[in-house]
Amino acid sequence: MSDGDQLFAKFGKQCPTGTVLFREDDLGDKLFVIQSGRVKITKTVQNRTKVLAVLGPGDFFGEMAILNQKPRTATAEVVDDAHLLVLDGRTLQQMVVSNAEIAVRLIKKLSRRLDAANTLIEILMHQDPKARVILGLSREAAVAGDQAADGTIRLAGGSAGLAQQVGLTEEQVNAVLDRVVRLGIVRKEPDELVITDVERLHEFLEFIEMQEKFGAT
């Protein structure tokens with residue numbers, strides 16, 4: 001029996017599509033590792049469900065509830081029949097101590113979370129709503145965007161979700177979005193934003209940063 005088979009025999013769980021592994025605000029003491037299938041991570045933003053990520057084989061999630069002993073910050077639902085490893089805090093600690101690869105992967109994931117938090121802080125420090133919205137779009141595209149074959153990126157949550165992320169009202173966000181829509185950079189759809197030209201989005205961001213640097217209005 002392979003190491004993977006041994007792990008699944010001891011910690012494995014088969015979960016059909018539609019299984020809710022945990023909900024936002026639940027107390028939790030389990031970490032999940034995906035061996036096969038896919039799991040969608042969502043969060044409620046202003047009474048709307050925002051897709052944060054869709055995870056696949058090799059990904060793990062749920063570790064923050066173990067590390068900080070706080071309620072779950074999102075909901076996890078199986079979207080393709082999945083085989084999962086389900087680990088409690090004690091087991092995770094033992095595996096980290098005995099397996100350097102697991103420890104490194106966990107550190108890398110936590111580092112990405114820290115980078116995302118630092119980026120969000122930088123966004124919130126901008127006074128210009130235009131900069132906040134464009135930076136927010138760029139961040140969301142990098143962190144949670146679902147890139148299609150044609151290069152477009154779909155962001156769930158629409159303008160309400162983006163407003164929540166960047167600390168602006170939905171009205172302020174829509175005023176900026178309307179401008180990039182006219183430029184053909186973004187397209188609005190029900191409960192979604194579609195970035196149609198990622199390169200032009202980055203160029204527009206550079207233009208705004210140049211305006212800030214040289215005090216242009």
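Residues of the range 129-187 that are touching a residue at least 24 places away in the same chain (Cβ under 8 Å), among the hydrophobic types (A, V, I, L, M, F, W, C) and surrounded by fewer than 19 Cβ atoms within 10 Å (Cβ to Cβ): Val143, Ala160, Ala175.
Look at the range 39-51: where a residue is closer than 23 Å to Pro16 by Cα and a partner is modelled with pLDDT of 85 or more and among the aliphatic types (A, V, I, L, M), sitting 6+ places away or on another chain with Cβ atoms under 6 Å, you get Val39/Ala76; Val39/Val78; Lys40/Val79; Ile41/Ala74; Ile41/Ala76; Lys43/Ala74.
When the test is whether a residue is of a type in the set (D, E, K, R) and under 18 Å from Asn47 (Cα atoms), Glu203 does not pass it.
The values are calculated or read from the model by the stated rules, or taken from the named source; none is laboratory data. This is a predicted model, so every value here is computed, not measured. Ideal geometry is used to build each Cβ from the backbone, glycine not excepted, and the neighbour counts take in all protein chains shown.
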